[in-house]
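Encoded as structure tokens, the structure appears first; notes follow it.
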């Protein structure tokens, strides 16, 4: 046992999960991480307004900072509702069936990324429908900023000392003993996920999205990238005790990531086949902003022609 408890093994820092306590009002680090994630998303989406195709879109109306605020509100609702219900259905359905009121006790913990992703998907579909915008155009706008939010979330998991990793070799320099993980050194898998699903995915996706792509391809790359990085990180993360390993020795997180990757690949190929670009040529923008969209112009295929068109992004 002494050999396993080598000097290289780190002890988890004793971090109070409550960051601020004002007269009994407790603000947890995890909540602060959520706020940092949404704040980073807001700043990055402000930058996206200056990228193609969003700086050139005029129909049904130009993209503005007000759209960012509406999207963030929709995303917050989707993350909270979807994340909670996903945790209930994917991980502990019988426990919550026996105590349904526990579902609303968010302060007890328990959120699922995959459930949150579904919640955000539904929220964005509703937003796109209300605003008359193509859903995939909205998705492409949001997803390049999402990984940084995921990174802050994983840092919050680390501060809380939860969702720690599998047992690690004692000679691993960063192996760590967590308060609730027994007396064995473990992988700090929360930090692995913060780096993979968060920082690395952000850099790759942001660079990919800087060049105008066919509508939906950026969303597709997010699904593929997250699914792959999550699948890899799960090899170092301890499976939930009440689930353990599932078929083929994979965890629930890995099985939920497989359809994400498949869906992303199918979506990318489908978008490539449709070849719809949202970048509006300058002459088309000039016509749509200076000439009335009347029935005669539509018949002639001039100013009233649909903005949605199929062109190679490389030509713009």
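The values are calculated or read from the model by the stated rules, or taken from the named source; none is laboratory data. No experiment lies behind these values; they were computed from the predicted model shown. Reconstructed Cβ throughout: ideal geometry from the backbone, glycine too, with neighbour counts over all protein chains shown.
Scanning the stretch 268-281 for residues that are under 14 Å from residue 212 (Cβ atoms) and touching a residue at least 60 places away in the same chain (Cβ under 8 Å) gives 271, 275, 276, 277, 278, 279, 280. Which one of 198, 139 is over 28 Å from residue 61 (Cβ atoms), buried (at least 22 other Cβ atoms within 10 Å of the Cβ) and in contact with a helix residue (DSSP H, G or I) (Cβ under 7 Å, 6 or more places away or on another chain)? Answer to the selection: 198. Scanning the stretch 12-27 for residues that are touching a residue at least 60 places away in the same chain (Cβ under 8 Å) and either part of a strand (DSSP E or B) or touching a helix residue (DSSP H, G or I) at 6+ places or on another chain (Cβ under 7 Å) (or both) turns up 15, 17.
Only one of 298, 311 is closer than 18 Å to residue 137 by Cβ, at pLDDT below 50 and either assigned to a helix (DSSP H, G or I) or more than 25 Å from the chain's Cα centre (by Cα) (or both); which?
311
Within the stretch 114-136, the only residue that satisfies the criterion of being crowded, with 18+ Cβ neighbours inside 10 Å, more than 25 Å from residue 33 (Cβ to Cβ), touching a residue at least 60 places away in the same chain (Cβ under 8 Å) and in contact with a helix residue (DSSP H, G or I) (Cβ under 7 Å, 6 or more places away or on another chain) is 136.
Taken together, the residues in the stretch 98-107 that are surrounded by 10 or more Cβ atoms within 10 Å (Cβ to Cβ) and in contact with a helix residue (DSSP H, G or I) (Cβ under 9 Å, 6 or more places away or on another chain) amount to 3. Restricting attention to the stretch 223-233, the residues that are in contact (Cβ under 8 Å) with a residue 40 or more places away in the chain and either over 26 Å from residue 164 (Cβ atoms) or more than 12 Å from the chain's Cα centre (by Cα) (or both) total 3. Among the residues of the stretch 201-234, those identified as out of contact with any helix residue (DSSP H, G or I) (no Cβ under 8 Å at 6 or more places or on another chain) and at pLDDT 95 or above are 203, 207. Filtering the stretch 76-98 to residues that are more than 20 Å from residue 240 (Cα to Cα) and without any contact (Cβ under 8 Å) to a residue 40 or more places away in the chain leaves 76, 80, 81.
Quick one: would you say residue 204 is surrounded by fewer than 21 Cβ atoms within 10 Å (Cβ to Cβ) and either under 16 Å from the mean Cα position of the chain (by Cα) or closer than 17 Å to residue 120 by Cβ (or both)?
On the way: surrounded by fewer than 21 Cβ atoms within 10 Å (Cβ to Cβ): yes; either under 16 Å from the mean Cα position of the chain (by Cα) or closer than 17 Å to residue 120 by Cβ (or both): yes.
Here the answer is yes, as residue 204 does meet what is asked.
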